[in-house]
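Notes follow the structure.
The values are calculated or read from the model by the stated rules, or taken from the named source; none is laboratory data. None of the values given here were measured: they were computed from a predicted structure. For neighbour counting, all protein chains shown are included, and Cβ atoms are generated from backbone atoms with ideal geometry for every residue, glycine included.
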Amino acid sequence: MKFITFLHNDSHRVGIIDPEQATVWPIADLVPDFTEDLLDLVRGFDDIKKFLMPTDDGIPLNDVSICAPIPLPERNILCVGKNYLEHSKEFQASGFDQSSGPTPGDAPEAPIIFTKAPSSVIATGEPVIGVLV
């Protein structure tokens with residue numbers, strides 16, 4: 001089961017998505033008193049998972065805009081960078097890798113850990129606002 005936060009008819013919703021069927025089902029249509037918050041879904045998943053069975057045709061994926069899954073996380077997001085060899089090679093080829101090591105593109109001995117502020121979360125394709133160049 002995959003979850004999505006989306007915009008439909010000027011309203012932010014949380015839903016179940018089936019990419020193969022290109023369909024979204026709003027969870028509020030399935031779960032009594034659902035608050036349209038993905039964090040609430042995660043916190044109460046054991047109590048509401050029995051309700052998460054789509055019963056209609058849903059909304060075509062083309063009719064919604066996909067948002068960041070959790071638009072405003074409660075705290076900083078823990079990130080792991082260059083944690084496996086293919087990612088290291090990809091990052092090195094991007095031109096942004098300024099790290100030094102025995103061989104450019106090598107995976108580090110330990111993962112690179114960093115955080116991002118909750119305000120940095122955006123959906124794929126959204127513009128990054130307030131970046132100094």
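Residue pairs whose Cβ atoms lie under 9 Å apart, sitting 6 or more positions apart in sequence or on different chains, and linking a residue in the stretch 109-120 that is over 16 Å from A68 (Cβ atoms) and modelled with pLDDT of 85 or more to a partner that is surrounded by 10 or more Cβ atoms within 10 Å (Cβ to Cβ) and among the hydrophobic types (A, V, I, L, M, F, W, C), are T115/I77; T115/C79.
Scanning the stretch 56-68 for residues that are crowded, with 16+ Cβ neighbours inside 10 Å and part of a loop (DSSP other than H, G, I, E, B), we see that the one that is nearest to the chain's Cα centre (by Cα) is C67. Residues that are part of a loop (DSSP other than H, G, I, E, B) and over 16 Å from P26 (Cβ atoms) within the stretch 39-55 comprise just one, G44. The single condition among (1) aliphatic (A, V, I, L, M); (2) touching a helix residue (DSSP H, G or I) at 6+ places or on another chain (Cβ under 8 Å); (3) loosely packed, with under 14 Cβ neighbours inside 10 Å; (4) farther than 20 Å from I122 by Cβ that L72 does not satisfy is (4).
Within this structure, D46 passes the test of being at pLDDT below 95 and over 24 Å from K116 (Cα atoms).
Give the residue, chosen from L52, L30, L39, L7, that is in contact with a Ser or Thr (Cβ under 6 Å, 6 or more places away or on another chain) and either farther than 19 Å from P73 by Cβ or surrounded by fewer than 19 Cβ atoms within 10 Å (Cβ to Cβ) (or both). Talk me through it step by step, then tell me what you get.
Details: L52 fails: in contact with a Ser or Thr (Cβ under 6 Å, 6 or more places away or on another chain); L30 fails: in contact with a Ser or Thr (Cβ under 6 Å, 6 or more places away or on another chain); L39 fails: in contact with a Ser or Thr (Cβ under 6 Å, 6 or more places away or on another chain).
Just one listed residue meets the conditions, L7.
Scanning the stretch 72-94 for residues that are touching a strand residue (DSSP E or B) at 6+ places or on another chain (Cβ under 7 Å) and modelled with pLDDT under 75 yields G81, K82. Scoring L39 on the criteria (1) within 16 Å of the chain's Cα centre (by Cα); (2) modelled with pLDDT under 85; (3) in the same structural domain as H8 (by TED's automatic domain parsing) leaves a single failure, condition (2).
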